[in-house]
Amino acid sequence: MARPKRTFTFMVGVFGVPAKISQDGNVRIMVNVRTDQERQRELAKLDPQATVLLVDCPGGAVGYEDKCIDDAALRREIAEETGGCTITPMGEFRPPFALISKDDNPGDLAFWKPVVLHGQPKPSNEASDHPWLTRAELEAATTYRAISGLGLLGRTGRMMTAALDFYESNKDRPELFS
């Protein structure tokens with residue numbers, strides 16, 4: 001007897017990951033320190049007293065008003081989270097990272113692309129800070145950690161790792177860096 005097919009509902013998000021090369025030659029990506037730390041600690045099953053800050057990539061959900069996954073939605077989401085910064089998108093959106101829910105909640109598909117960030121990020125309703133982190137800082141997960149209980153193995157962590165891989169393999173292309 002054939003198993004019935006399950007239908008999945010997905011939220012769709014667009015994320016732009018800016019990078020720079022620090023004086024020591026390390027690639028750093030900009031992340032957002034989430035303003036909802038208490039909720040994120042609960043979701044990640046962390047001790048509420050943990051001092052680690054949970055971070056994600058700049059961007060957000062594509063709304064019903066958006067016609068498609070495009071640079072206009074990406075610009076809007078990054079401006080909201082950075083207090084008005086603008087971007088120059090660099091290339092195409094990368095293949096999505098999926099999070100499939102095990103219950104009736106929608107999963108999500110997260111598309112990201114490299115961007116050059118213009119302006120100085122400021123705190124917003126969604127991000128209290130915007131540090132530029134190296135791979136080593138993210139992997140240490142002591143000061144900053146990717147949201148979710150999976151850390152770098154979760155959807156956001158894998159997206160951050162993919163962005164670092166991309167930028168580290170393109171260090172010879174200065175036009176990609178903020």
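A few notes on this one:
- Ala72 surrounded by fewer than 18 Cβ atoms within 10 Å (Cβ to Cβ), touching a Ser or Thr at 6+ places or on another chain (Cβ under 8 Å), in a helix (DSSP H, G or I) and not acidic (Asp, Glu): no
- Residue within region 82-92 that is at pLDDT 90 or above, of a type in the set (Asp, Glu) and farther than 20 Å from Pro123 by Cα present: yes
- Positions within region 161-178 being among the aromatic types (Phe, Trp, Tyr) and outside any helix (DSSP H, G or I), in sequence order: Phe177
- Residue in region 158-168 that is loosely packed, with under 13 Cβ neighbours inside 10 Å, under 18 Å from Ala19 (Cα atoms) and not hydroxyl-bearing (Ser, Thr, Tyr) present: yes
- Failed item in (1) in contact (Cβ under 8 Å) with a residue 12 or more places away in the chain; (2) part of a helix (DSSP H, G or I); (3) closer than 22 Å to Gly25 by Cβ, with Arg158 passing the rest: (3)
- Selection from region 47-69 of residues that are out of contact with any Asp or Glu (no Cβ under 7 Å at 6 or more places or on another chain) and assigned to a strand (DSSP E or B): Leu53, Leu54, Val55, Asp56, Ala61
- Residue within region 92-103 that is over 23 Å from Leu164 (Cβ atoms), part of a strand (DSSP E or B), among the hydrophobic types (A, V, I, L, M, F, W, C) and out of contact with any Ser or Thr (no Cβ under 9 Å at 6 or more places or on another chain) present: no
- If the condition is being surrounded by 14 or more Cβ atoms within 10 Å (Cβ to Cβ) and not in a helix (DSSP H, G or I), then region 142-155 contributes Tyr144, Arg145, Ala146, Ile147, Ser148, Leu150, Gly154.
- Residues considered: Val52, Val115. Of these, the only one that is touching a residue at least 60 places away in the same chain (Cβ under 8 Å) and farther than 21 Å from Ala163 by Cα is Val52.
- Glu80, sole failed condition from (1) in a strand (DSSP E or B); (2) out of contact with any helix residue (DSSP H, G or I) (no Cβ under 8 Å at 6 or more places or on another chain): (1)
- For region 25-47, the count of residues that are of a type in the set (Ser, Thr, Tyr), in contact (Cβ under 8 Å) with a residue 12 or more places away in the chain and surrounded by fewer than 11 Cβ atoms within 10 Å (Cβ to Cβ) is zero.
- Taken across region 128-138, residues that are touching a His at 6+ places or on another chain (Cβ under 7 Å), part of a loop (DSSP other than H, G, I, E, B) and buried (at least 17 other Cβ atoms within 10 Å of the Cβ) do not occur at all.
- Selection count where residues are surrounded by 14 or more Cβ atoms within 10 Å (Cβ to Cβ) and of a type in the set (Gly, Ala, Ser), scope region 48-60: 2
- If the condition is being modelled with pLDDT under 95 and out of contact with any helix residue (DSSP H, G or I) (no Cβ under 9 Å at 6 or more places or on another chain), then region 112-152 contributes Ala140, Thr142.
The values are calculated or read from the model by the stated rules, or taken from the named source; none is laboratory data. Here the structure is a predicted model, which is why all the values come from computation and not from measurement. Note that each Cβ is placed from the backbone with ideal geometry, even for glycine, and that neighbours are counted across all protein chains shown.
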